[in-house]
Amino acid sequence: MKRVIFPIIVLIGIFAGITVIQAKLIETRNVNLSEQTLTIKGIVADETNETLAGAAIAVNGQKVYTDLDGNFTLANLGGSKCELTVSM
């Protein structure tokens with residue numbers, strides 16, 4: 001039942017314009033990305049810690065969407081700078 005109601009609540013929040021996305025920085029590392037590829041995995045949640053399904057995550061021209069549990073994975077990222085953007 002939760003799987004059915006949660007997407008409906010998320011859509012209502014999106015259309016009402018009240019959804020706020022909170023990003024938490026867990027760890028930072030200085031890495032030479034020109035020699036390595038990077039994979040970013042995470043969970044997108046709102047200010048009440050509810051996960052957000054369908055949020056768009058973009059970095060360096062690559063875009064993915066969160067699953068029903070708010071999870072996302074961006075793989076094979078390279079370059080010297082990565083800027084992560086989250087939007088609904």
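Things to note:
- Elements of the type strands (runs of 3 or more DSSP E) sitting completely within the stretch 36-88 and holding at least 3 residues that are among the polar types (S, T, N, Q) and in contact (Cβ under 8 Å) with a residue 12 or more places away in the chain: these cover 71-77.
- Residue among 35, 83, 50 that alone is of a type in the set (Asp, Glu) and modelled with pLDDT under 60: 35
- For the stretch 40-68, filtering for residues that are surrounded by fewer than 13 Cβ atoms within 10 Å (Cβ to Cβ) and of a type in the set (Asp, Glu) leaves 1.
The values are calculated or read from the model by the stated rules, or taken from the named source; none is laboratory data. Here the structure is a predicted model, which means the values were calculated and not measured. As a convention, Cβ positions derive from the backbone with ideal geometry for all residues, glycine included, and neighbour counts pool all protein chains shown.
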